[in-house]
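Participant: My questions will all concern the structure given below.
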Amino acid sequence: MAQVAGPSPPLPPQASPPAPFIVTAELPVDIFSWANGLRAEHFPRDRNHLQAHVTLFHSFAPSLRDELPRFLARVAGEYAAPRADLSGLMDLGQGTALALHSPGMLAVRDFIAGHFWQMLTRQDQGGKRLHITIQNKVAREAALKLQRELAPRLKLRYFAFTGLGLHIYRNPHWEAVGTWRFRGKQGS
């Protein structure tokens with residue numbers, strides 16, 4: 001995805017029907033590569049249409065196509081890269097995720113949510129447990145087996161999120177719109 005340093009360029013006119021926007025917290029290259037390798041290895045191949053990611057918001061209305069990129073650029077410009085740690089595994093029932101702990105990223109998310117509160121879906125209004133899904137939509141036994149295998153090998157990892165990403169949901173794929181690097185002084 002292109003790195004945007006200044007004001008957001010306008011999005012190109014939509015060639016297809018309006019689709020919702022997804023906002024992600026961008027991972028540093030080493031964490032992304034490692035998590036993406038786990039996802040490629042353990043996610044059912046016929047359903048693995050995405051790379052490793054951390055979803056902050058699942059569905060912003062298409063009507064926000066002009067405001068959302070500008071606002072994300074502003075937020076990234078004001079906030080310092082939030083620190084995080086990979087704190088273990090998260091049981092998704094029929095899947096497995098890498099659990100992340102980052103009060104700083106949750107503060108960024110809360111700031112964005114506060115600005116767009118009336119536009120948020122019920123799912124996005126709820127509390128957020130940050131994670132990277134590496135396996136989903138498998139039998140419960142397969143999820144538990146992977147968790148037993150990974151748990152002893154998983155080491156605490158510290159990192160900082162690098163920015164915010166914006167995507168258009170094109171079922172089942174995501175179309176990248178842009179990323180904005182954290183470069184401010186607020187939070188951490």
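Participant: Just the residues that are of a type outside the set (A, V, I, L, M, F, W, C), over 28 Å from A40 (Cβ atoms) and in a loop (DSSP other than H, G, I, E, B), please, taken from the range 100-133.
Facilitator: Within the range 100-133, T121, G126, G127 qualify.
Participant: Is it the case that some residue within the range 42-55 is touching a Ser or Thr at 6+ places or on another chain (Cβ under 6 Å) and small (G, A, S)?
Facilitator: No.
Participant: Are there any pairs with C-beta distances below 9 angstrom linking a residue in the range 148-164 that is β-branched (V, I, T) to a residue that is assigned to a loop (DSSP other than H, G, I, E, B) and surrounded by 10 or more Cβ atoms within 10 Å (Cβ to Cβ), with the two at least 6 apart or on different chains, and if so which?
Facilitator: From residues that are β-branched (V, I, T), the pairs are T162/L27; T162/P28; T162/A81; T162/F182.
Participant: Shifting gears a bit: Considering only residues that are basic (K, R) and modelled with pLDDT under 95, which ones fall in the range 164-182?
Facilitator: R170
Participant: Can you find a residue that is of a type in the set (V, I, T), at pLDDT 95 or above and within 30 Å of L144 (Cα to Cα) anywhere in the range 65-78?
Facilitator: No, because not a single residue in the range 65-78 is of a type in the set (V, I, T), at pLDDT 95 or above and within 30 Å of L144 (Cα to Cα).
Participant: Of the numbered conditions (1) within 30 Å of P18 (Cβ to Cβ); (2) out of contact with any Pro (no Cβ under 6 Å at 6 or more places or on another chain); (3) at pLDDT below 95, R153 satisfies every one except a single condition; which is it?
Facilitator: With (1) within 30 Å of P18 (Cβ to Cβ); (2) out of contact with any Pro (no Cβ under 6 Å at 6 or more places or on another chain); (3) at pLDDT below 95 applied to R153, the lone miss is (1).
Participant: Any chance you could count how many residues in the range 134-188 are of a type in the set (V, I, T) and either part of a loop (DSSP other than H, G, I, E, B) or over 19 Å from the mean Cα position of the chain (by Cα) (or both)?
Facilitator: 2
Participant: Here is a check on your reading of the model: is S87 surrounded by 13 or more Cβ atoms within 10 Å (Cβ to Cβ) and under 13 Å from the mean Cα position of the chain (by Cα)?
Facilitator: For S87, the condition - surrounded by 13 or more Cβ atoms within 10 Å (Cβ to Cβ) and under 13 Å from the mean Cα position of the chain (by Cα) - is not met.
The values are calculated or read from the model by the stated rules, or taken from the named source; none is laboratory data. Computed from a predicted structure; not experimentally measured. For neighbour counting, all protein chains shown are included, and Cβ atoms are generated from backbone atoms with ideal geometry for every residue, glycine included.
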